[in-house]
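These notes are about the structure you will find just below.
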Amino acid sequence: MARPRQFDRDQALLQAINVFCEKGFAAASTDELMKAMGLSRQSMYNAFGDKRELYVEAMKQYQANSITDLVWRLGKDATPMESLYNTLLSFASRTEREGSAGCMAVNAVCEFGLSDAELNELHLSAGQTLREALAHTLTRGVEMDEVPPSTDIQSACDFLLSTLNGMKVSAKGGMTTDQLKAVAGFAVNALKTPR
């Protein structure tokens, strides 16, 4: 009879996410992952498969958590541009809350480019969900006269997605929280209806 698992799988996965955020895929050793997760090699393989399978599962969880948080933030304030601004501010202060390990998703794009179809699909799916939430927020902004009606919503979404990705890379490169907050303010002001 097999022994029951004696660890918290979700907590172990969270620890793997932290290692992958800090190191990326290639630089994260199996030993580092085992140590962070508090698992033996066999337990890790039994629970998650090999390092790549663990990475893919960690990426799925990371993106689900990140996108859910961003979409929630985009809809929580009284006005669309207030929501967008507060979402970007929260993103800018993320390094204070979580450390400067970086974004697992952006790290994966930088590390793998377009060479991994499975990771590309995860990235595209998460990006589409975020794009739809941004488009909804901006459309509401047009309806409430916060965003000019002439705004190309899809181009504005591209701008915001690029801003978010740039903020992630900049944070990892040492940009301060105050600098990131200034970028957030600049991005939102660039989209607002002039008053």
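Residue by residue, here is whether (1) polar (S, T, N, Q); (2) free of Cβ contacts under 8 Å to residues at least 12 places away in the same chain; (3) surrounded by fewer than 16 Cβ atoms within 10 Å (Cβ to Cβ); (4) closer than 24 Å to GLN179 by Cβ holds:
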{"position": "LEU33", "(1), (2), (3), (4)": "no, no, no, no"}
{"position": "LEU54", "(1), (2), (3), (4)": "no, no, no, no"}
{"position": "TRP72", "(1), (2), (3), (4)": "no, yes, yes, no"}
{"position": "ALA105", "(1), (2), (3), (4)": "no, no, no, yes"}
- Item | segment 145-166, residues that are small (Gly, Ala, Ser) and surrounded by 15 or more Cβ atoms within 10 Å (Cβ to Cβ) | ALA156, GLY166
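Before we move on, is THR163 at pLDDT 95 or above, within 26 Å of ALA190 (Cα to Cα), in a helix (DSSP H, G or I) and within 13 Å of the chain's Cα centre (by Cα)?
Criteria met by THR163.
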- Message: Residue under question is CYS157, and the condition is that it be at pLDDT below 95, hydrophobic (A, V, I, L, M, F, W, C) and under 16 Å from the mean Cα position of the chain (by Cα); does it hold?
- Response: no
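Hey, which of the helices (runs of 4 or more DSSP H) in segment 17-83, taking only ones fully inside, have at least 2 residues that are within 14 Å of the chain's Cα centre (by Cα), at pLDDT below 95 and not hydroxyl-bearing (Ser, Thr, Tyr)?
Qualifying helices (runs of 4 or more DSSP H): 51-74.
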- For THR176, state whether it is more than 19 Å from THR87 (Cβ to Cβ) and out of contact with any Asp or Glu (no Cβ under 8 Å at 6 or more places or on another chain). yes
- Message: List the residue pairs whose Cβ atoms are under 6 Å apart, where the first residue sits in segment 124-144 and is touching a residue at least 60 places away in the same chain (Cβ under 8 Å), the second is outside any helix (DSSP H, G or I), and the two are 6 or more positions apart or on different chains.
- Response: GLY141/VAL147
- Of all residues in segment 171-195 being of a type in the set (Val, Ile, Thr) and not in a helix (DSSP H, G or I), the one that is surrounded by the most Cβ atoms within 10 Å (Cβ to Cβ): THR193
- Scan of segment 107-157 for residues that are within 25 Å of ALA58 (Cβ to Cβ), hydroxyl-bearing (Ser, Thr, Tyr) and in a helix (DSSP H, G or I), ordered by number: SER125, THR129
- Of the numbered conditions (1) farther than 15 Å from LYS192 by Cβ; (2) surrounded by 12 or more Cβ atoms within 10 Å (Cβ to Cβ); (3) more than 17 Å from the chain's Cα centre (by Cα), GLU111 satisfies every one except a single condition; which is it? (3)
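The values are calculated or read from the model by the stated rules, or taken from the named source; none is laboratory data. Just so it is clear, the model here is predicted, and its values are computed rather than measured. Note that each Cβ is placed from the backbone with ideal geometry, even for glycine, and that neighbours are counted across all protein chains shown.
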